1. Quick query: amide H of Arg138 versus all other amide H atoms, modeled in the peptide plane; which residues come in under 5 Å with a sequence gap of 5 or more or a different chain?
2. Each residue of segment 134-146 in order: what ³J(HN,Hα) in whole Hz does its phi give by Karplus 6.51 cos²θ - 1.76 cosθ + 1.60, θ = phi - 60°, with x for Gly and Pro?
3. What is the local net charge at Val37, summed over the other residues whose Cβ is closer than 14 Å to its Cβ (Lys, Arg +1; Asp, Glu -1)?
Amino acid sequence: MGRGIPELNRFQEHFRDYKIVVYQGLGCDDIMFEGQVDSSKHLYLHYDDVERHYHVITNLTGAMAKRYVCKACHKRFGRDITNVCDQTCSDFMVSPPCAFSDARIPCDECNRHFRSGTCFANHKQRMVTRKSVCERKRFCATCGLRVRDETRM
């Protein structure tokens, strides 16, 4: 019929720029196929076993009814800044993790330290929420505790 894992593997071999992830349900644990490529671009599909058809998931967080779904470990979180995953950069919140340099680079605005110059520059860039990681994940210079972003409540 051409609808199984062997065919998905062939598609993944052809579309190496995208990591194909197929869900049987709309839960994070319902993954039936995950392509073995290292890419930040993803193609999410939902397999409907009644219709025997693949549907494109254009909004994964909407489909999962969560604000954030980690693209590396596929776990759901209320917010991306609460994700603690060894497959993502804890400084910049991306997968794969940023590479480490010899010295951590400090940021005077968010009071955090970063793995490399690239990681530091990335945390300043705008994200989907129209705020940079620097603006969303800040620590108090006096006590060192995380400052809550009241605009996201």
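None of the figures in this text is laboratory data; all of them are computed from the coordinates on show. Keep in mind that this is a model prediction, so the values were computed, not measured. Methodologically, a virtual Cβ is constructed for each residue, glycine included, from the backbone with ideal geometry; neighbour enumeration extends over all protein chains shown.
1. Close amide H contacts, sequence-distant or interchain: Val147.
2. Values, residue by residue: 4, 6, 9, 10, 10, 10, 5, 5, 7, 9, x, 7, 5 Hz.
3. Working: positive: Arg10, Arg16, Lys19, Lys41, Lys71; negative: Glu13, Asp17, Glu34, Asp38.
Result for the neighbourhood of Val37: +1.
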